[in-house]
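The values are calculated or read from the model by the stated rules, or taken from the named source; none is laboratory data. These numbers were taken from a predicted model, which means no experiment stands behind them. Note: ideal-geometry Cβ built from the backbone for every residue, glycine included; neighbour counts use all protein chains shown.
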Amino acid sequence: MRVVALVDGEHYPPTTRWGLQSARAMGHEVVAALFVGGSEKVAADGSLDLGDVPVLLGGEDPARSLRVALEEHRPEGVLDLSDEPILGYRERMALAAVALSLGASYVGPDFRLDPPIREAPLPAPTLAVIGTGKRTGKTAIAGEAARVAAAAGLRPVVVAMGRGGMHAASDYLEDALTTGVTTVGARRAGGGLAGRPFVSNVRQAAELALREDPGLVLLEGSGAAIPPIPWDAGVLVAAASAPREYLAGYLGPFRLLLSDLVVLTMARSPDVGPEDLAYLTSLVRRLRPDARVVVTDFRPVPLNDVGGKKVYFATTAPESVGPALVSYLEEAHGCDVVGTSHSLSDRGRLAKEIDAASAFDVLLTELKAAAIDVAAERARARGAEVVFADNRAETLEGDGDLPELLEDAANLAVERARDR
């Protein structure tokens, strides 16, 4: 394949030329070499003679220089002939993120990373909502995006990808229930380092969505897995409490590079401090300067009136935020929360907790995981009403109010689709 090679000054230049010749013998067409640093074995003036292969200087920002090289030469891949200490583990992953975001493979002596998005774009404007992992609030943000797009007259249809079974059903049913927008469910198995599913039927689901003649297709990822269909604009959802390397390390930067809006969620968690938000915001500014950032927290919103009733609340939220959620429900919705379970993703534990609960009038539950086959069944058996709760994001700080930023992202998708 056509490649840009990464080379360094820790290799003796004749050895680097030998590497390039070997690459050609393997069938690679080396269109340029990007010098990523190192001075031990290069000429005193810093020059590097690689014969007929043009040498590009990486400078102090190899990632930015690689982006320029890829946009100029449009190779199929990047061939990494460097080594540590010039490119260590973190640096290589950062460069791999750049390559994959531009549709190029990242190949080395014992590894190969291919772009996870390989399929043809849809013949409709496409907005993706992806995440850095599970339990980031991605479905809630996708739901808000769908409501905003519908209110703006964009005729959205949601394609929600899940892992199968009741949980996958709850993903797309939750979207439909909380937004009123037509939603198509899809499933996937596995997820690669860059987010590609091992197998999925997202394409078939998208084809069904197109039958609705949408003005916007909203693709919703699953965990850290991303839809294998290209999108015109992207929204990345990251929990503010997640380990920093989930966004800054590994292939977190790849997901960031594909996104026009970054939504930091659950920022009021006891595990999140001002330094965490400052770090994550500065990371976005550095890696994707044109992206917008908004910091949010979630509030449970019952979809039916629970005022004056005894409520048992089932959620996937961590126990650390339980008291705040209970206080909000009681103050904002006038109910008496007599019990809470944070085990909605643990069927066995959830069943035991509900069975041990004191009397309640209403089970208030998120439509996730075991909400139907465990929580709702047990509540109905006790004669209690079942009310579903939506998680609605509240803007705390950032580049604007979340609904406005989501509408801007949807309009950006429409504009870019028009210019394809």
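Considering (1) in contact with a Gly (Cβ under 7 Å, 6 or more places away or on another chain); (2) buried (at least 20 other Cβ atoms within 10 Å of the Cβ), the lone condition that GLU40 does not fulfil carries the number (2). If you go through region 261-307 and pick out every residue that is in contact with a Pro (Cβ under 8 Å, 6 or more places away or on another chain) and modelled with pLDDT of 95 or more, you end up with 0. Of all residues being over 15 Å from the mean Cα position of the chain (by Cα) and of a type in the set (Val, Ile, Thr) in region 262-293, which is nearest to LEU402 (Cα to Cα)? Just the residue, please. Looking at the filtered set, the residue picked out is THR281. Do you know which of the residues in region 364-415 that are basic (Lys, Arg) and buried (at least 16 other Cβ atoms within 10 Å of the Cβ) is farthest from VAL293 (Cα to Cα)? Among those residues, the one meeting the criterion is ARG378.
Of SER39, SER22, which residue is of a type in the set (S, T, N, Q), without any contact (Cβ under 8 Å) to a residue 60 or more places away in the chain and closer than 30 Å to GLY249 by Cα? Every option except SER39 fails the conditions.
The set of residues from region 322-332 being farther than 19 Å from ALA375 by Cβ and either in contact (Cβ under 8 Å) with a residue 24 or more places away in the chain or not assigned by TED's automatic domain parsing to the domain that holds ARG382 (or both) comprises ALA324, TYR328, ALA332. Going by the structure shown, is ALA186 in contact (Cβ under 8 Å) with a residue 40 or more places away in the chain and either in contact with a Pro (Cβ under 6 Å, 6 or more places away or on another chain) or within 17 Å of ARG118 (Cβ to Cβ) (or both)? No. For region 147-176, filtering for residues that are in a helix (DSSP H, G or I) and at pLDDT 90 or above leaves 7.
Applying the criterion of at least 1 residues that are in contact with an Asp or Glu (Cβ under 6 Å, 6 or more places away or on another chain) to the strands (runs of 3 or more DSSP E) found wholly in region 184-287 leaves 233-239. Checking each residue in region 243-268 for being out of contact with any helix residue (DSSP H, G or I) (no Cβ under 8 Å at 6 or more places or on another chain) and surrounded by fewer than 23 Cβ atoms within 10 Å (Cβ to Cβ) picks out only PRO243.
Evaluate region 328-336: report whether one residue or more is at pLDDT below 95, in a helix (DSSP H, G or I) and farther than 30 Å from ALA413 by Cβ. The answer is no; no qualifying residue exists. Checking ALA384, ALA369, ALA379, ALA410 one by one, the residue that is small (Gly, Ala, Ser), in contact (Cβ under 8 Å) with a residue 60 or more places away in the chain and assigned by TED's automatic domain parsing to the domain that holds ASP171 is ALA410 and no other. Scanning region 280-303 for residues that are touching a helix residue (DSSP H, G or I) at 6+ places or on another chain (Cβ under 8 Å) and among the hydroxyl-bearing types (Ser, Thr, Tyr) yields a count of 1.
Residues in region 208-233 that are within 19 Å of ALA291 (Cα to Cα) and either among the hydroxyl-bearing types (Ser, Thr, Tyr) or out of contact with any helix residue (DSSP H, G or I) (no Cβ under 8 Å at 6 or more places or on another chain) (or both): PRO230 alone.
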